[in-house]
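Participant: Take this structure, written in structure tokens, and hold onto it; I'll ask about it next.
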2 protein chains.
Amino acid sequence: MRKITINDIAKELGVSASTVSRALRDSYEISTATKKKIMAYAKQANYHPNPHAISLRERKSKTIAVVIPDISNYFFTQALYGIEQVALSNQYHVLVYQTHDQLQTEIEFFNHFQNGRVDGVLVSPANNPDRSFEHIERMSEMIPVVCFDRVEPSLQMPYVTCNDYDSSFKATEQLIKKGCKRIFFIGISDIIPVIKLRLNGYKDALKKHGMPILQEDIVMCDAAQLLAERVRWLLAKPTRPDGLVSAVERYTFTVYDVCNELQLKIPTHLRIISFSNTPYAHLLNPSLSTVVLPAGEVGKSASEILFRKINKKDTKFESSNITLNCVLTFRGSSA
Amino acid sequence: MRKITINDIAKELGVSASTVSRALRDSYEISTATKKKIMAYAKQANYHPNPHAISLRERKSKTIAVVIPDISNYFFTQALYGIEQVALSNQYHVLVYQTHDQLQTEIEFFNHFQNGRVDGVLVSPANNPDRSFEHIERMSEMIPVVCFDRVEPSLQMPYVTCNDYDSSFKATEQLIKKGCKRIFFIGISDIIPVIKLRLNGYKDALKKHGMPILQEDIVMCDAAQLLAERVRWLLAKPTRPDGLVSAVERYTFTVYDVCNELQLKIPTHLRIISFSNTPYAHLLNPSLSTVVLPAGEVGKSASEILFRKINKKDTKFESSNITLNCVLTFRGSSA
């Protein structure tokens, strides 16, 4: 028996081959009634698509790009793992682009994505003091783009993020409950949306408990070296802080080093809670209290939205914005 | 004044435009005498190449691929950093492909590299029990390929690696000097060349000091879960080992967990030295004695070789094999 083709189905039902093709891919471009009719006929006639022909016809690269600030951050490696699983099940490859938080690098990457090199982009944008997102907006007019973690609400595109404000609020409250009288905050820049949310959670918890918000207790730095200097200065003061909410995992380790240097004991002299996805938080000395982002889930959800758009199964994005919950674990560093 | 072009130089010197073009790129395809003559004329005539035209003419993707087993391994993120620096100075992009140590995934990636998608490949091959390297060999006939870290001497291509044998020998001797009577070894598989070298260093140090090599003390596992079971069994024995040389950083943390579970103290009951590139070894409880690979240097050297080949400045690879030295640091875990 000859294998049935899309042309056979088209001829039989009196529609174009392209209509059959799009209906079988469940495209939004075809009405539900027509899709139903075509799918029913294809099933009855035992039609199976040729995967090689699909790839050729659709002129797809079968590749998505993931643009992230920093590969050595466990949050991103874990998110990537979730992304890869979804990509694999869609028979797609994943290319990883690391911006090192440099806007210019990110712009060059986006230029690189043109001409069908990739079919979709997942991006956690670089630190962007100029608020210039043209490269992302332009790309999203050509191919599907989904933001994750560092989302930019002003960008009209789907995103997946976490309850950063609430988690930071709770982390700060925990330190207050443990008796901290002065809590400082470290981050990269309040221009980065997730950092801003974490900062606001910290501020509002202080306000709720009638504690003052001191400008010198908000330490924003884009380099660990500078951070060490600021923290050293702050912790050497006679009225030094006795608590820390850290929005950046690698900076927390810098604070551990500064405490060792100044012979300050954690948690006796300084209680610490940190946003962190390191799997080794419990092995540190002392073990680290953490706010863990559901990184794998973030990656999975973001790529599921992306593939719905790549496969043209979803045109609306307003409903696609997802917020996932972090997990707080209290250990030795805040005891 | 009109800008001078390659055609002007070719006409003036009576050679073809393609000869001028290749001479100006310092290609090995052009004789030294001809290159000298053309370069001297171009300099005197104040010729400057149009970078956009170069890219178009050469039909280059201006992209290299880096294929690694595991992005969450600090060795690879640090190597990647070295690679990116060299790529940047060559105005190239870096694409990262993660195999999760799966040969089939690696083969699919290599298929993907055809058709000019990338101009060169840096690879640290996946665990390959079947010893089938056809995909790498075939690719290296088409575009430059350089191996790093996990090198495969049977492959006829340049490589950069470390003194894994010597470092493992010294690490094992250090444990013997500290009084360890029975030292076990953990790794992924002795089919992986670097693991084999580390295993041989361990064995030869035991031999040198007249200590027996017990088969049950060589623990090879490709999953942390299985490893935990084997280590739990070994450390629960009445005649349990009192020393460990770990060839795999993430497995070392599994051993820390098993020791906590069995209430064995590191280093009192078990002294540990681990191959590891984590920047936080000194913050662990206890701080971890490490063999640190010069990861950034490995990445830098490997990509320098690759770019010499991409830019056709180097045809011989026999002289390109490089071995770099690890750094041993003894801390609390082996005290």
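The values are calculated or read from the model by the stated rules, or taken from the named source; none is laboratory data. Not measured: the values here are computed from a predicted model. Virtual Cβ from ideal backbone geometry, glycine too; neighbours counted across all protein chains shown. These accessible areas exclude ligands, DNA and RNA; they are computed on the full protein's heavy atoms, side chains included. Shrake-Rupley method; radii C 1.70, N 1.55, O 1.52, S 1.80 Å.
Residue-by-condition table, conditions (1) open to solvent by 60 Å² or more (accessible area, probe 1.4 Å); (2) among the hydroxyl-bearing types (Ser, Thr, Tyr); (3) over 25 Å from residue A:169 (Cβ atoms):
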| residue | (1), (2), (3) |
| --- | --- |
| A:225 | yes, no, yes |
| A:230 | yes, no, no |
| A:235 | no, no, no |
| A:243 | no, no, no |
| A:253 | no, no, no |
| A:271 | no, no, no |
| A:329 | no, yes, no |
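Participant: With the checklist (1) within 17 Å of residue A:293 (Cβ to Cβ); (2) more than 14 Å from chain B (Cβ to nearest Cβ); (3) in contact with a Lys or Arg (Cβ under 7 Å, 6 or more places away or on another chain) in hand, flag the one item residue A:82 doesn't pass.
Facilitator: It is condition (2) that residue A:82 fails.
Participant: If you go through the stretch A:85-122 one residue at a time, how many are more than 8 Å from chain B (Cβ to nearest Cβ), among the polar types (S, T, N, Q) and in contact (Cβ under 8 Å) with a residue 12 or more places away in the chain?
Facilitator: 8
Participant: Give just the number: which of (1) part of a helix (DSSP H, G or I); (2) assigned by TED's automatic domain parsing to the domain that holds residue B:245; (3) polar (S, T, N, Q); (4) touching a residue at least 24 places away in the same chain (Cβ under 8 Å) does residue B:278 not satisfy?
Facilitator: With respect to (1) part of a helix (DSSP H, G or I); (2) assigned by TED's automatic domain parsing to the domain that holds residue B:245; (3) polar (S, T, N, Q); (4) touching a residue at least 24 places away in the same chain (Cβ under 8 Å), residue B:278 is out only on (1).
Participant: Name every residue in the stretch B:195-241 that is closer than 17 Å to residue B:127 by Cβ, of a type in the set (A, V, I, L, M, F, W, C) and out of contact with any strand residue (DSSP E or B) (no Cβ under 7 Å at 6 or more places or on another chain), in order of residue number.
Facilitator: Result: B:197, B:221, B:223, B:224, B:226.
Participant: Does residue A:190 fit the bill of being touching a Cys at 6+ places or on another chain (Cβ under 9 Å) and acidic (Asp, Glu)?
Facilitator: Against the criterion (touching a Cys at 6+ places or on another chain (Cβ under 9 Å) and acidic (Asp, Glu)), residue A:190 does not qualify.
Participant: Tally the residues that are open to solvent by 70 Å² or more (accessible area, probe 1.4 Å) and either basic (Lys, Arg) or within 13 Å of residue A:15 (Cβ to Cβ) (or both), restricting the search to the stretch A:30-50.
Facilitator: Result for the stretch A:30-50: 5.
Participant: On to the next question. What is the one condition in (1) open to solvent by less than 40 Å² (accessible area, probe 1.4 Å); (2) among the charged types (D, E, K, R); (3) modelled with pLDDT of 90 or more that residue B:177 does not satisfy?
Facilitator: (1)
Participant: Return yes when residue B:96 is open to solvent by less than 30 Å² (accessible area, probe 1.4 Å), within 30 Å of residue B:330 (Cβ to Cβ) and touching a helix residue (DSSP H, G or I) at 6+ places or on another chain (Cβ under 8 Å) and no when it is not.
Facilitator: no
Participant: For residue A:289, are the conditions met, namely being under 18 Å from the mean Cα position of the chain (by Cα) and of a type in the set (Gly, Ala, Ser)?
Facilitator: no
Participant: I would also like to ask the following. Within the bounds of the stretch A:294-305, is there any residue that is within 14 Å of chain B (Cβ to nearest Cβ) and crowded, with 20+ Cβ neighbours inside 10 Å?
Facilitator: yes
Participant: If you check B:139, B:157, which single one turns out to be more than 14 Å from chain A (Cβ to nearest Cβ) and closer than 30 Å to residue A:105 by Cα?
Facilitator: None of the other options fit; the residue is B:139.
Participant: Given the criterion within 22 Å of residue A:73 (Cβ to Cβ) and not assigned by TED's automatic domain parsing to the domain that holds residue A:170, identify the matching residue among A:311, A:285, A:325.
Facilitator: Unique residue meeting the criteria: A:325.
Participant: Any idea which of (1) within 12 Å of another protein chain (Cβ to nearest Cβ); (2) within 22 Å of the chain's Cα centre (by Cα); (3) not acidic (Asp, Glu) is the one residue A:274 doesn't satisfy?
Facilitator: Exception for residue A:274: condition (1).
Participant: If residue A:154 meets every condition in (1) open to solvent by 10 Å² or more (accessible area, probe 1.4 Å); (2) at pLDDT 95 or above; (3) among the small types (Gly, Ala, Ser) apart from one, which number is that one?
Facilitator: (2)
Participant: Considering the stretch B:226-271 alone, what residues qualify as being acidic (Asp, Glu), outside any loop (DSSP other than H, G, I, E, B) and more than 14 Å from chain A (Cβ to nearest Cβ)?
Facilitator: B:229
Participant: Tally the residues that are open to solvent by less than 10 Å² (accessible area, probe 1.4 Å), more than 8 Å from chain B (Cβ to nearest Cβ) and hydrophobic (A, V, I, L, M, F, W, C), restricting the search to the stretch A:277-292.
Facilitator: Result for the stretch A:277-292: 3.
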